[in-house]
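> My questions will all concern the structure given below.
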Amino acid sequence: MIVPALPPQITTFPTKLAWDRIGFRHHHGINVPLFSLRTQEGSGIGEFLDLIPLIAWCKEIGFDVIQLLPINDTGLEASPYNGLSSLALHPIYLSLWDLPHLSKHKHLEKRLLSLRKLNDYPSIPFSLVLVSKMDFLKEYYLATFAKLKEEASYQEFIQKERWLSSYALFKVCKDRSFYQPWHLWPPSFKENTAALEELNFHIFLQYLCFQQFAKVKRAAIEACVFLKGDLPILLSPESADVWHHPQEFDLSFEAGAPPDMFAPLGQRWGFPTYKWDVIQENGYRFWKDRLKVASELYDIFRIDHIIGFFRIWALPRSGGQEDGLYIPAVEEEMLLQGETILTNLCETLPMLPIGEDLGLGIAMPEIRASLEKLGIPGTKIPRWEKKEPFYTSGKEFSPLSLTSVSTHDSETLSLWWQHFPNEAELFALSRGIRYQSTLTSDIRFQILEDSHHSGSLFHINLLLEYLALFPDLVHKNPEHERINVPGTISTTNWCYRMRPTIKELTHHHSLKMAMKALLPL
């Protein structure tokens, strides 16, 4: 595939530093929720070090990006988009079998073997895994902390990551209050009166998380594979961030989406909006600190709902859906706000942002043009891109975009083909594909191939869409392949587990050959 010419304005992009690192060329990759990975060595959920063999596999195929859903600490919540911290990683993803000094404690090694039974569940029993792993980690902490805390790497970590103390105090208070909302905590909770051992435990877990992810990052650098993170723009009102920086959030409003064809009454997400004037007065320190920590982990990052930097649909906390309004309301102010914020955040940032600009009623051409001016790619889902009555050709997509055939919030290709046959038939016609009522492996291959030959510079699809080329690699019921149904509370959301283990999929010769064949020559 021909590499697009550098746009003349690239030297003035606020994102130029990141583009210089990533390279203004075509990139191909997979998108995978970390929790969905399956191994024989794991403890019931995908874990940090599971990414290392996946990185080697991507390099062998010729893919150079692995995209993850958020991996931040969400506490008791399975949804990765409802974080308790924008900085801390979730200890549920620790690879227990690789913990330091574990071999010196045979009782822990024996207990670890029993945790592997959690891998046998067809979907992820999140709560059971969390309780089991945290019980193990508390015992491990008591056995090893006295030795680990003296190591130079631990001392360097606690000196470098200044956010640890406030996060640890927040976690202790959450535990002590049995996860009650922080506004119900007694005033004494805001004082640093927690027992030192309780604080150290949460700091200790973050040390282990960042140490393990550093191994993943080193493996990715050696393989020339870029890691792409996911940073939700909005944060839970029950996060350590909102508790510690309440002045930067407007707790009188909740973000959401205006009424549209999918939600006639609109959506209320429950997340507070930002006080951008206060954040600006503080030199964007809150956001810059967040991005600095993320840049230790990732090379690229997805900004969930990037439109929210420009304007947000806000609902008064005490009002109804009919009381929603855009902030800011004036279009000129909207564009100025978004460009000012993103320019300030991106100018010295080594990570490349890619915006999730898929609409929610306000994906206006002006915002997409603004993102292009800043050098921030948007997102293209081919089956959502139309020039009525036909679908837009992928060849027409801007280089400053990412093409993906589905998202973690959408139906998979199989479900879309099954539930929307009229759309599927028209889509096939627009792509020169011979339509059949059943989505065969041949048709799926053609759709995936089309996504890898679009005009976008980034071509990244959910790993499950590639696995579905071979029926033995996916669940028999296609509903079990769906990751999330937005706007619903369900036991099936965020518990998707791949059918094959990583070893099985990385040793699947036909899958490897098929994925290589998708790439442009």
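A short reminder: the numbers here are calculations on the coordinates, not readings from a lab. Model, not experiment: these values are computed from the prediction. Every residue, glycine as well, gets a Cβ built from its backbone with ideal geometry; the counts of neighbours run over all protein chains shown.
> For region 1-37, run through the trypsin sites (Lys or Arg not before Pro) and keep only the ones in DSSP coil with at most 16 other Cβ atoms within 10 Å of their Cβ. Numbers along the way, then the final one.
On the way: sites: LYS16, ARG21, ARG25; in loops: ARG25.
Loop-located and lightly packed - ARG25.
> While we're looking at this one, here's another question. Output ³J(HN,Hα) for region 238-252: one whole-Hz value per residue in order, computed from phi by the Karplus curve 6.51 cos²θ - 1.76 cosθ + 1.60 with θ = phi - 60°, and x for Gly and Pro.
9, 8, 4, 5, 5, 5, 8, 10, x, 5, 9, 10, 9, 7, 7
> Determine, for HIS244, HIS26, the number of other Cβ atoms within 10 Å of each Cβ, and report the residues in order from fewest to most. Each step should come with its number before you reach the end.
Working: HIS244 18, HIS26 21.
Ordered by Cβ neighbours within 10 Å, fewest first: HIS244, HIS26.
> How high is the relative contact order of region 18-518, in percent, counting Cα pairs under 8 Å that sit 6 or more residues apart? Walk me through the numbers on the way to the answer.
Details: 821 pairs, mean separation 90.3, N = 501.
Relative CO of region 18-518 lands at 18 percent.
> With a cap of 16 neighbouring Cβ atoms within 10 Å, and only residues DSSP puts in a loop, list the chymotrypsin sites (Phe, Trp or Tyr not before Pro) found in region 399-484. List each step's numbers first, then the result.
On the way: sites: TRP416, TRP417, PHE427, TYR435, PHE445, PHE458, TYR466; in loops: TYR435.
Taking region 399-484 and a limit of 16 other Cβ atoms within 10 Å, the loop chymotrypsin sites (Phe, Trp or Tyr not before Pro) found are TYR435.
> What share of Cα pairs, in percent, lie more than 14 angstrom apart in region 313-375?
When all Cα pairs of region 313-375 are counted, 65 percent exceed 14 Å.
> Subtracting the Cα-Cα distance from 0.36 nm times the residue separation, let me have the gained length for HIS419 to ALA56 in nm, one decimal.
Numbers: separation 363, 0.36 × 363 = 130.68 nm, distance 3.62 nm.
So the extension gain works out to 127.1 nm.
> Stick to the Cα atoms of region 39-86, pair each with every other, and give me the Kirkwood hydrodynamic radius in Å at one decimal. Mind dumping the intermediate values first?
Values: mean 1/r = 0.0791 Å⁻¹.
Here the Kirkwood hydrodynamic radius works out to 12.6 Å.
> A follow-up question, please. Can you list residues whose amide H is under 5 Å from LEU462's amide H, if they're 5+ apart or on another chain and H is modeled 1.01 Å from N?
Sorted by chain and number, the residues that satisfy this are ASN31, VAL405, SER406.
> I would also like to ask the following. DSSP beta bridges in the chain, what fraction antiparallel, as a percent rounded to 5?
Values: 15 of 41 bridges.
Restricted to the chain, the bridges split so that about 35 percent are antiparallel.
> Next question. How big is the gap, in Å, between the Cα center of region 170-227 and the Cα center of region 1-50?
The distance from the Cα centre of region 170-227 to that of region 1-50 comes to 26 Å.
> Moving to a separate point now. Taking Cα pairs under 8 Å and at least six residues apart, what relative contact order does region 381-521 come out at, in percent? Display every interim value, and only then the final one.
Working: 174 pairs, mean separation 38.0, N = 141.
Answer for region 381-521 is 27 percent.
> While we're here: What is the Å³ per residue value for the convex hull set by the Cα atoms of region 41-178?
Numbers: hull volume 20.9 nm³, N = 138.
For region 41-178, the hull spanned by Cα atoms encloses 151 Å³ per residue.
> What relative contact order, as a whole-number percentage, does region 233-349 give when Cα pairs under 8 Å and 6 or more residues apart are counted? Walk me through the numbers on the way to the answer.
Values: 150 pairs, mean separation 31.1, N = 117.
About 27 percent, as a whole number.
> Another question, if that's okay. Cβ under 11 Å from PHE13's Cβ, PHE13 left aside: what net charge do those residues give with Lys, Arg +1 and Asp, Glu -1? Don't skip to the answer; put the middle values down first.
On the way: positive: LYS16, LYS373; negative: ASP20, GLU347, GLU372.
Residues close to PHE13 contribute a combined charge of -1.
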